Every structure is written in C-alpha cells, then in structure tokens.
Amino acid sequence: MATTNSFLNTPTKTPTSTSISKKHHHKQHTADPNRSASEFKDRFEAYNRLQAAAVAFGEKLPIPEIVAIGGQSDGKSSLLEALLGFRFNVREVEMGTRRPLILQMVHDQSALEPRCRFQEEDSEEYGSPVVLASAIADTIKSRTESLLKRTRAAVSSKPIVMRAEYAHCPNLTIIDTPGFVLKAKKGEPERTPDEILSMVKSLASPPHRIILFLQQSSVEWCSSLWLDTIREIDPTFRRTVIVVSKFDNRLKEFTERWEVDRYLSASGYLGENTRPFFVALPKDRGTISNDEFRRQISQVDAEMLHYLRDSVKGGFDEEKYRSYVGFGCLRDFLEAELQRRYKEAAPATLALLEQRCGEVTADLARMECKINATSDVAHLRKSAMLHAAALCNHVEALIDGAADPAPEQWGKTTEEERLESGIGSWPSVTAEIKPPNASLRLYGGAAFERVMHEFRCATYSIKCPPVSREKVANILLAHTGRGGGRGITEAAAEIARAAARSWLAPLLDTACDRLAFVLGNLFDISIEKNHGNDSNNGHRPVDMEGYIGFHAALRQSYNHFMKDLSKECKQLLRHHLDSVTSPYSHVCYENNFIGSFSSGTNSMYQLNQATASPLCLELSDGGAALHKEAMKDQENIPPEKSAQETTPGKVTESRDVLRECQMTVPETPSPDQPSDGNYGIKRELGNCVEVGARKRQPRITGNARNHGQNGESLLFGNGDNISRPVSTYAEICSSAAQHFARIREVLVERSVASTLNSGFLTPCRERLFVALGLNLFAVNDEKFMDMFVAPGAIDSLENERQSLQKRQKILHSCLNEFKSVARAL
C-alpha cells in the first residue's frame with residue numbers, strides 16, 4: 001500500500017542493475033504499436049483501480065509505483081507539473097507536501113482540458129471534477145491541514161489520491177513525498193525533519209516501488225545531503241532512477257567534451273551501471289496557458305541539446321548519453337519502465353487478488369454467522385460459557401503465579417493498591433508499614449502473599465493500648481468476693497481480651513478487603529490474558545465483543561463472588577478472634593506464654609515493631625503521694641471488719657503497731673493500693689491465704705527493675721524502685737500487655753493465614769466457575785437473552801458486513817479486470 005512499508009511478499013520480479021539504467025523506451029519492440037498501447041492502457045487502468053481500492057480499504061498490495069524523493073527545493077513539484085502537462089501551483093502550497101500525493105495520470109485523447117478528481121477520504125469513490133487549476137492546490141492544502149489538525153501531527157503518511165485525465169499526460173502513477181528538510185519551518189515541531197525522513201524511508205522501502213531521486217545540478221555528488229539516505233534504502237541503486245534537476249544552471253561551466261562526458265557519467269559516485277537523467281524545466285512562473293507551458297518545456301530541452309552540441313568543444317557522447325538528457329527522455333523512460341513493471345507483476349497480482357477475494361469471502365461468511373448467532377440462544381450460551389471458563393482458568397493461573405501479561409503494566413505497588421482500593425492505611429497503626437517488595441508491581445498470588453505479610457507487620461506493630469484507672473477499677477472490683485485469689489490475673493486477662501477484640505478486629509476486616517481488591521483486579525488481567533493467548537496461539541477467540549450487557553453481568557457476578565468471599569472470611573476470622581478472646585479460652589493461662597511472647601517479639605513478622613517490653617502507663621506523681629492518695633481514697637476499699645473506728649488520718653500510725661496477723665486487707669486490692677508482699681487476705685473464717693500478687697512479686701519486681709533501667713518505671717514513684725512496692729495498676733497493665741501479645745500471636749500464627757488461604761484462594765480455584773455459571777446461565781432463555789440485547793453491537797456488525805460486501809465487490813471487479821489483462825498478455 002502507498003502508506004506503509006508493511007506489504008505482502010509476493011513473487012514480483014526484482015529488476016537487475018541494468019533493468020532500469022540500460023533498458024529504455026526506445027529499445028522496446030512490439031509487433032503492433034497500436035495494440036501494445038491499448039493493452040498498456042488496459043493494464044494501467046486496472047492497476048489504477050486496484051491502487052484506489054488498496055488506499056480505500058487499507059490493502060497492502062505490491063503494485064508497481066514510482067516514489068518521487070528529494071530535498072524541498074530540488075524540483076519535485078515542478079517535475080510533477082511537467083509530467084501532468086499543466087500547472088496547478090503545488091509549489092506555492094506551504095503544506096501541500098506534508099502528506100504523500102498519489103498522482104494517477106491517465107492519457108485520454110478526448111480530454112482536451114485537464115479533468116482532475118480527488119478520491120474521497122476513506123473511500124474508493126472519486127469526487128466531482130476540479131475545473132480550476134488553482135482549486136487543486138487549495139484542495140491539497142485544506143485536506144492536509146484538516147488531517148494534521150485532527151491527528152495533531154506535523155506530517156502524515158496517509159496519502160491524498162488525485163486522478164488526472166488529460167490528452168497531454170502519460171499513463172503514469174507517481175507518489176510525491178514531502179521534501180527532505182534540515183530544519184523545521186516556523187511554527188512546526190522541531191521533530192518535523194526526522195518525521196519526514198522516517199516517513200519517506202517507509203514509503204520507498206518496498207521493493208516493488210521505483211525510487212525517483214531528484215538532486216539539483218549545483219550540488220556535487222561528494223557533498224550530496226540525501227544520497228546516503230537513498231543508499232540506505234537501495235544500496236546498489238537497482239531500482240533507483242536518479243534525476244539531476246536544473247541542469248541548465250550547470251551547462252555554462254562546460255567548455256570541453258571530456259568535462260561534459262565526465263560529469264554525465266557520474267563515475268566514481270554512482271557506479272558503472274547507474275546513469276542519471278539530466279533535466280531542466282522552464283523558470284517562468286508567470287500566468288501562461290497550458291500549451292505555452294508545454295512549448296516552453298520542449299524549448300528548454302532543445303536549448304540544452306543545442307548548447308551541448310554547439311557550445312561545447314567536441315560536443316558530447318550522444319550515443320552514450322543522449323537518451324539521458326532532457327525531460328522528454330525521462331518522461332518516456334518512466335512510462336516504459338512502469339509499463340514493463342505492470343506486465344511483469346500482472347501474474348503475481350492476479351494470484352494475490354484471487355487469494356484476497358477468498359479471504360474476504362471467508363470473512364463475510366463468518367460475519368454472517370456472527371449476525372445469525374445474535375439470535376441463536378444455544379450458540380450464545382455455548383460462547384458465553386466458554387468465555388467464562390477461559391476467564392476462570394486464567395484467574396487460577398494468575399493465582400498460582402504468572403508473568404503474562406506484563407506485570408510492569410498490569411501489576412500494582414503496595415501504595416497503588418492502598419490508593420486505588422480506597423482503604424488507605426491499616427486502622428490504628430501509626431507506624432509506617434512497608435513490607436518487602438512494596439515497590440514492585442505485582443498481581444495475583446504474589447500480590448496476595450504480599451498483603452498477607454503486610455497484615456502480619458501491621459498486627460505485630462500494635463501494642464496493648466493504655467487502659468484508664470476507671471476501667472481497671474471497674475473490672476478489678478467486679479471480681480471482689482469471687483474467691484480463688486485470681487482477681488488481678490482475671491482482670492489483666494479481661495483487659496487483654498477487650499483490647500484484642502477492639503484493636504485486632506478492624507485489622508482483620510482490612511486484610512479481607514485488601515485481599516478481595518487484589519483478587520478483584522484479576523478480572524481485567526484475565527480478559528487481557530485471554531486475548532493475548534488466543535492471538536499468540538493463532539486461535540480465534542470466542543467472539544463476545546460488543547455484548548456490553550453480558551460483559552457487565554459477568555463482571556458484576558465476579559465482583560459479587562469476591563465480596564461474598566470477603567464477607568465469609570471476615571465472619572470466620574471474627575469467630576477465631578472470639579474463640580481466643582473468650583473467657584473460656586486458656587490462651588492467657590498457658591504456662592509457656594511468657595516464652596512464647598518473648599520468641600514472638602523476635603519473630604520475622606515484627607519488622608515494624610518497637611521494643612517488646614509490656615506497655616504500662618505511669619499516671620501518678622510519686623510513690624508517697626500515691627500511698628497517701630490510697631489511704632484517703634476509701635471509696636474503692638471495702639470497710640475493715642474491726643470494732644474500732646479508725647480515721648483516715650491515723651491509718652499509718654495504727655499499722656505501725658499492729659502485728660502482721662492482726663492486719664486486715666481487702667479481698668481484692670484497690671487499683672491504687674500497693675501490692676506489697678507483706679499483705680495477705682483475711683477471710684471471714686480467719687484463714688490467711690496468699691494471693692497471686694504475692695507469688696508473682698519476684699517476677700514483677702524484676703520487670704520493674706529492668707524497666708527502671710530503661711527509664712520506663714512501672715512504679716507510681718519517681719523511678720527509684722529499690723524499696724518501693726509495685727502498683728497493682730502497673731502489674732495489671734503489664735500482665736494485660738503480655739496476655740494481649742499472646743492472643744495476637746495465637747490468632748495470627750494459628751488461624752489467620754490458613755483461614756485467608758482457604759477462604760479466598762481455594763474458592764477461586766474450585767467454586768468460581770460454578771458461582772458464575774449459576775448467576776449467568778442458570779436462568780431461562782428470556783432472562784438470558786436480556787444480556788445480549790445490544791442494538792449498538794448488532795448495528796456495528798451490520799456496518800462491518802456492508803463494508804466487507806463493498807470490499808468484496810471491488811476486489812472481484814479488479815480480479816475480473818486482471819483476468820482479462822492476463823488473457824491479453
């Protein structure tokens with residue numbers, strides 16, 4: 001095709017190095033010149049029609065064509081006007097050659113005045129004849145500007161096709177290309193010269209095209225700017241015709257025969273078998289008639305020959321170079337060369353046309369089937385099921401691990417997942433959570449595992465939240481009178497359970513939402529993978545394009561399935577959370593919970609966690625003030641069973657003289673009362689039983705000592721813990737932090753990973769297609785066909801069928817013409 005270098009490799013004959021340079025029109029021998037001219041005209045008309053069809057329908061056919069190439073001021077436009085036999089001021093059109101111009105010149109003896117028609121854009125039809133020559137340039141300019149404005153480009157490879165019928169033009173087709181430039185014009189993008197060069201190379205690269213290269217005579221071969229570009233396209237000039245334009249400007253430099261012959265031979269630069277043509281055209285750009293224009297062309301040719309014969313001493317080698325001097329020689333050669341190429345290419349073109357007609361007929365038959373299938377319920381059900389099954393298979397493959405389609409395009413980083421899902425950061429987590437591979441674009445199973453790891457990092461970064469005195473008091477005092485000596489332990493465990501339910505539940509829900517988003521993204525990736533696999537394997541995909549209702553229902557069903565999985569997983573995780581935070585759970589009382597906690601703090605999942613010390617809040621100003629406050633604050637201490645009334649101000653003095661066995665302590669101490677080892681619990685029966693706080697004194701004191709060294713005192717005092725008692729409040733906070741860590745570890749390591757894998761991945765592998773099938777296909781025909789009511793799709797199919805029918809008609813017409821041409825050969 002004229003607009004691209006992508007063409008079919010047909011067995012067209014490539015000319016030898018002498019096929020262009022030494023075989024000329026005057027050496028052609030025919031038995032009957034009139035018959036030969038008639039046959040050539042038939043071939044020329046057939047190729048012109050075929051070329052028009054190729055441009056209109058985007059066909060890539062190896063039609064013999066001539067491509068004119070040269071610099072912007074090397075005379076291409078003037079040469080085209082001379083070939084046409086009339087001027088239409090294309091040189092004056094600033095943007096006239098920013099698109100290729102295909103000139104189809106038809107020699108018609110009856111056309112005493114030029115009849116020019118432009119092919120309609122994206123159609124094989126030609127418009128009304130253009131009468132005025134000036135209107136031709138205006139049409140070229142307006143069409144060029146319109147397309148470049150629409151495409152926002154400086155140049156375009158889409159050609160303009162003009163058919164010119166005239167009694168004084170040859171049967172010739174030439175593609176005029178934008179001229180090479182070194183610098184963009186004012187107002188044009190800087191990349192314009194490179195775009196022109198690239199486009200011209202693509203137009204001249206197909207081997208079935210003859211390159212007509214123009215260079216003005218004032219440029220020496222050794223300093224030619226564009227000759228190297230031609231060598232890149234055609235290194236040996238086997239299909240290149242070189243034209244030296246404006247030759248009359250150089251004539252006066254020659255005085256001796258050897259000078260002329262050496263210049264005309266171009267030896268040392270173009271090779272022995274390459275002969276350039278030397279052309280000069282009228283310089284007068286005034287308003288003259290077409291007859292005068294042609295007379296001036298002939299006059300310039302005669303003047304050049306006269307100068308070479310009479311003004312140069314010894315003349316020149318006419319036997320060798322006469323057929324290369326003058327515009328008339330070039331015109332006759334191009335017409336004869338194109339005629340020869342047409343004749344040689346006719347058999348291959350006929351075979352290619354038959355192939356294309358068969359392909360178009362097959363495409364038309366498939367289109368008919370598609371249109372008929374729009375009302376065939378059974379066919380639609382089968383196609384829809386195959387499409388859904390392919391989608392599910394691709395989802396499973398992506399979960400198991402895949403790198404196609406490209407993760408760089410379809411994957412997402414951790415930050416992109418957070419933003420696009422609308423979930424944002426992990427709730428109640430202040431630390432920055434950045435799991436490994438957070439910056440990589442992942443999808444499918446890899447992205448799923450990254451979110452799982454991110455959840456672990458976020459969960460282990462949470463410490464047991466601070467608890468107010470009021471909450472501690474409410475929980476602690478509720479255990480008064482229950483007996484068993486486990487008041488502090490139960491209080492700490494209850495605080496830890498409440499904190500776990502409050503702080504871990506949102507994290508579990510967020511993990512489910514993030515994982516559902518990751519799996520939800522696989523829908524579009526699977527659709528893309530389905531298209532890619534069908535194209536790579538050479539299979540025709542199940543064509544469901546255009547059925548917007550079906551695709552919407554399929555997507556909705558898929559998203560609904562993922563939401564159901566997320567909801568089910570949330571319920572399962574809540575069940576596990578309720579289990580480990582139940583009062584009947586022994587998680588908080590396992591003997592190894594301290595060891596487990598210590599090992600848990602050093603585990604691989606605590607990448608974002610700070611130090612593993614139990615969290616305890618320091619609320620008092622000092623130990624003495626706390627002790628005094630404890631004595632004054634009597635509302636949280638049950639009254640002692642003593643006959644003697646003791647005022648709050650004499651408590652300290654009375655206790656100094658009492659023996660240990662005479663001391664009475666509340667069964668459950670106040671949250672502000674020191675939990676010293678000297679205190680016991682006096683029951684009504686008089687039995688003295690040591691409480692759990694007494695038994696834990698060495699451990700808690702040791703913890704307090706360690707924290708005192710770190711500047712985090714567990715005492716209510718000023719950090720001097722040498723002989724200070726540990727606060728019950730501090731002890732409960734410390735125990736609650738340990739219980740919280742144990743609950744978190746058991747929940748995350750024993751329940752969450754297996755639940756999320758079995759709750760998300762297993763159903764996607766085993767239940768997805770069943771769920772989609774029940775939603776989409778387990779319905780009656782009437783409801784099923786509602787998804788395929790797509791008037792726009794049916795209209796699109798009808799338009800495509802009409803286009804195929806039109807294309808089939810044109811190609812069959814061209815085929816019949818070429819059959820007639822082939823019979824005449």
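The values are calculated or read from the model by the stated rules, or taken from the named source; none is laboratory data. This structure is a prediction, so every number in the text was calculated from the model and none was measured. Cβ placement follows ideal geometry from the backbone for every residue including glycine, while neighbour counts extend to all protein chains displayed. Surface areas here come from the heavy atoms of the whole protein model, side chains and all, with no ligands, DNA or RNA. Shrake-Rupley method; radii C 1.70, N 1.55, O 1.52, S 1.80 Å.
Summary table below
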{"item": "Whichever residue in segment 262-284 is at pLDDT below 90 and not in a loop (DSSP other than H, G, I, E, B) and, among such residues, is least open to solvent (accessible area, probe 1.4 Å)", "result": "264"}
{"item": "Residues located in segment 391-442, provided they are part of a loop (DSSP other than H, G, I, E, B), in contact with a Pro (Cβ under 7 Å, 6 or more places away or on another chain) and within 26 Å of residue 505 (Cα to Cα)", "result": "427, 428"}
{"item": "Subset of segment 393-408 (residues that are of a type in the set (D, E, K, R) and more than 19 Å from the chain's Cα centre (by Cα))", "result": "396, 400"}
{"item": "Members of segment 556-588 found to be open to solvent by 50 Å² or more (accessible area, probe 1.4 Å), part of a loop (DSSP other than H, G, I, E, B) and in contact (Cβ under 8 Å) with a residue 24 or more places away in the chain, listed by number", "result": "583"}
{"item": "Hey, residue 359 at pLDDT 85 or above, out of contact with any Pro (no Cβ under 7 Å at 6 or more places or on another chain), surrounded by fewer than 20 Cβ atoms within 10 Å (Cβ to Cβ) and not assigned by the TED database to the domain that holds residue 518 or not", "result": "yes"}
{"item": "Strands (runs of 3 or more DSSP E) lying entirely in segment 101-212 (those with 3 or more residues that are within 20 Å of residue 62 (Cα to Cα))", "result": "101-107, 160-166, 172-176"}
{"item": "Any hit, segment 754-764, residues being over 46 Å from the mean Cα position of the chain (by Cα) and open to solvent by 50 Å² or more (accessible area, probe 1.4 Å)", "result": "no"}
{"item": "Test: residue in segment 306-323 that is surrounded by 14 or more Cβ atoms within 10 Å (Cβ to Cβ) and within 59 Å of the chain's Cα centre (by Cα)", "result": "yes"}
{"item": "Breaking point among (1) out of contact with any Pro (no Cβ under 7 Å at 6 or more places or on another chain); (2) crowded, with 18+ Cβ neighbours inside 10 Å; (3) more than 30 Å from residue 113 (Cα to Cα), for residue 190", "result": "(2)"}
{"item": "Odd one out for residue 180, checked against (1) modelled with pLDDT under 85; (2) buried (at least 17 other Cβ atoms within 10 Å of the Cβ); (3) within 30 Å of residue 240 (Cα to Cα)", "result": "(1)"}
{"item": "Failed condition for residue 254, given (1) at pLDDT 90 or above; (2) open to solvent by 10 Å² or more (accessible area, probe 1.4 Å)", "result": "(1)"}
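A quick yes/no check of all residues on (1) open to solvent by less than 40 Å² (accessible area, probe 1.4 Å); (2) within 17 Å of residue 103 (Cα to Cα); (3) modelled with pLDDT of 85 or more; (4) assigned by the TED database to the domain that holds residue 104:
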| residue | (1), (2), (3), (4) |
| --- | --- |
| 114 | yes, yes, yes, yes |
| 123 | yes, yes, no, yes |
| 126 | no, yes, no, yes |
| 130 | yes, yes, no, yes |
| 135 | yes, yes, no, yes |
| 140 | yes, yes, yes, yes |
| 146 | no, no, yes, yes |
| 160 | yes, yes, yes, yes |
| 163 | yes, yes, yes, yes |
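Residue-wise test of (1) aromatic (Phe, Trp, Tyr); (2) open to solvent by less than 30 Å² (accessible area, probe 1.4 Å); (3) out of contact with any helix residue (DSSP H, G or I) (no Cβ under 7 Å at 6 or more places or on another chain); (4) closer than 23 Å to residue 573 by Cα.
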{"site": "405", "(1), (2), (3), (4)": "no, yes, no, no"}
{"site": "408", "(1), (2), (3), (4)": "no, no, yes, no"}
{"site": "413", "(1), (2), (3), (4)": "no, yes, yes, no"}
{"site": "428", "(1), (2), (3), (4)": "no, no, no, yes"}
{"site": "432", "(1), (2), (3), (4)": "no, no, yes, no"}
{"site": "447", "(1), (2), (3), (4)": "no, yes, no, yes"}
{"site": "467", "(1), (2), (3), (4)": "no, yes, no, no"}
{"site": "489", "(1), (2), (3), (4)": "no, yes, no, no"}
{"site": "494", "(1), (2), (3), (4)": "no, no, no, yes"}
